[in-house]
1. Being touching a residue at least 40 places away in the same chain (Cβ under 8 Å) and touching an Asp or Glu at 6+ places or on another chain (Cβ under 9 Å) is the filter here; which residues of segment 10-28 pass it?
2. Out of everything in segment 21-75 that is small (Gly, Ala, Ser) and in contact with a strand residue (DSSP E or B) (Cβ under 6 Å, 6 or more places away or on another chain), what residue ends up being surrounded by the most Cβ atoms within 10 Å (Cβ to Cβ)?
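Nothing in this text is a laboratory measurement; each read-out follows from the coordinates by a stated rule. In this text, all values refer to a predicted model and were calculated from it rather than measured experimentally. No Cβ is skipped: glycine too gets one built from the backbone with ideal geometry, and neighbour counts run over all protein chains shown.
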Amino acid sequence: MKRKKSEPQFVVCVRNEDCEDLELRKIYRVLPDKAAAEDNYIRVIDESGEDYLYPADYFLAIALSKDLEKALLVA
C-alpha cells in the first residue's frame with residue numbers, strides 16, 4: 001500500500017551509535033527530505049522536539065493503525 005504524500009510516516013530506532021539524543025526502540029516521526037534521502041539520511045523529530053538528520057539505517061519504517069497514528073500526532 002502506497003502512502004499519500006500528506007500522510008505522516010513513522011520509524012522505530014534500531015541503532016543510535018554516537019547519537020545520544022535517539023532512544024532505541026522508540027517511535028519517531030519522519031519529515032520528508034528528498035535531498036537527505038539521496039545521501040542515505042532521514043529527517044526525524046528527535047527528543048529535543050526539533051528535526052535533525054540521522055543515518056537512515058538507524059531506523060526501520062513501521063505501519064501504524066490510524067488510531068495510534070492520530071494519538072502520536074497529538075502527543
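1. Of everything in segment 10-28, those that are touching a residue at least 40 places away in the same chain (Cβ under 8 Å) and touching an Asp or Glu at 6+ places or on another chain (Cβ under 9 Å) turn out to be 10, 13, 14, 15, 16.
2. Across segment 21-75, the extreme among qualifying residues is 56.
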